[in-house]
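Below you'll find the structure, written out as structure tokens, and then a few comments.
The values are calculated or read from the model by the stated rules, or taken from the named source; none is laboratory data. The model shown is predicted, which means the values in this text are computed figures rather than measured ones. We place every Cβ from the backbone using ideal geometry, glycine too, and count neighbours over all the protein chains shown. For the accessible areas, the whole protein counts, side chains as well, though only heavy atoms, and no ligand, DNA or RNA atoms are used. Shrake-Rupley method; radii C 1.70, N 1.55, O 1.52, S 1.80 Å.
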Amino acid sequence: MKKKVTKAIFPVAGLGTRFLPATKSVPKEIMTLVDRPLIQYAIDEARAAGIEDFIFVTSRGKTALEDYFDLAPDLESALEKSGKTALLDVLRTTNMDSGAIAYIRQHKPLGLGHAVSCASKLIGNEPFAVILPDDVIAAEKPCLQQMVEAYEETGGAMVAAMEVAPDKTSSYGVLDVNDKNGDAVVSINGMVEKPAPGTAPSNLAVIGRYILTPHVMQNFAHITKGAGGEVQLTDAIAAEISQGRDVFGYRFDGQRFDCGSKAGFLQATVAFALARDDLRDDLLSYLSDLNAADKAAQ
Ligand code: G1P
């Protein structure tokens, strides 16, 4: 029987330089879409998929993340006293059980693969998920939950996948697939991290959700530095394929926002605000006024 996926790694050690100066003192993962930090979206998605153990791979300057998931007794009692129960409920969604969350440090920025390998001892002999909080996915059924359900049928390793424009493939891990019919689960022949323009095996890109076998951790012992001079997670997963193990792509249902870029972050902000009853009408009328003013000016 396949083991249940109950552990997830959140690589959060990145410097977030694309968002300087904000990220000089605020970890990128604490930046907010409407009123929830990016990391909260990732945690909620993991919880919905049945994750019980949350492993954060952090770096210097990320203590705000640890504080975010701690209890806030003063704030709670102030809200209680003033009868603000709805806000209290919101606050409590950030609470984590003691022992459910672990922080380990990646001391040097050696790449995503290296960050994941730092959690190897905590993973032990279990399958595990990896969630990149920069990739925010709006979906009726949360993306990782879709993948866990598919994984229960397939086993092996699985990466979230999405078609991207051919001129964008060099920004992603890209899958080599035989697939012609667009099924959700796709068997993979290989995968390449950030292929040079014009050399991508397809336009099916890896998005930041993974379900991996503990064996993937062993591959870090023998893979060398890859794209960008970094230890790449893509290369450790590709090694599974060359060793004859199953790796699948999963075309998820949902809309992915690249919150590692300013444009993606802004789009996500608008999309999540429009999904909120308390903000939708005002924002829509603001956007349509803007649009009208823009047209008039042309
Ligand atoms: C990482 C992965 C890449 C994946 C991408 C998805 O790249 O290395 O394979 O396609 O996330 O967002 P990064 O965006 O960190 O450069």
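Here is how the numbers come out for the structure above:
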| read-out | value |
| --- | --- |
| Contacts under 6 angstrom Cβ, first residue in segment 187-203 being within 13 Å of Asp167 (Cα to Cα), partner within 15 Å of the ligand (Cβ to nearest atom) and part of a loop (DSSP other than H, G, I, E, B), 6 or more apart | Asn203/Val164 |
| Residue in segment 34-55 that is free of Cβ contacts under 8 Å to residues at least 12 places away in the same chain, farther than 30 Å from Lys4 by Cβ and surrounded by 12 or more Cβ atoms within 10 Å (Cβ to Cβ) present | no |
| Test: residue in segment 90-101 that is open to solvent by less than 30 Å² (accessible area, probe 1.4 Å), in contact (Cβ under 8 Å) with a residue 12 or more places away in the chain and outside any loop (DSSP other than H, G, I, E, B) | no |
| Selection count where residues are among the polar types (S, T, N, Q), in contact with a Ser or Thr (Cβ under 9 Å, 6 or more places away or on another chain), within 15 Å of the ligand (Cβ to nearest atom) and open to solvent by 10 Å² or more (accessible area, probe 1.4 Å), scope segment 154-192 | 1 |
| Matching residues in segment 270-288 - criterion: being among the hydrophobic types (A, V, I, L, M, F, W, C) and in contact (Cβ under 8 Å) with a residue 24 or more places away in the chain | Ala271, Phe272, Ala273, Ala275, Leu279 |
| Pairs, first closer than 17 Å to Gly198 by Cβ in segment 165-186, second away from the ligand (no atom under 16 Å from the Cβ) and in a strand (DSSP E or B), C-beta under 6 Å, six or more apart | Asp176/Asn189 |
| Residues located in segment 102-137, provided they are assigned to a helix (DSSP H, G or I), within 16 Å of the ligand (Cβ to nearest atom) and small (Gly, Ala, Ser) | Gly113, Ala115, Ser117 |
| Flag for Ile241 being crowded, with 16+ Cβ neighbours inside 10 Å, within 13 Å of the ligand (Cβ to nearest atom) and either of a type outside the set (Lys, Arg) or farther than 12 Å from Met158 by Cα (or both) | no |
| Residue match in segment 218-225 (condition: without any contact (Cβ under 8 Å) to a residue 60 or more places away in the chain, away from the ligand (no atom under 14 Å from the Cβ) and buried (at least 19 other Cβ atoms within 10 Å of the Cβ)) | yes |
| Among residues of segment 139-153, those that are under 13 Å from Tyr250 (Cβ atoms) and open to solvent by 40 Å² or more (accessible area, probe 1.4 Å), counted | 5 |
| Residue check, Leu122 closer than 21 Å to Ala268 by Cα and surrounded by 15 or more Cβ atoms within 10 Å (Cβ to Cβ) | no |
| Top-ranked residue in segment 251-266 [being in contact (Cβ under 8 Å) with a residue 12 or more places away in the chain and open to solvent by 30 Å² or more (accessible area, probe 1.4 Å); ranked as farthest from the ligand (Cβ to nearest atom)] | Asp253 |
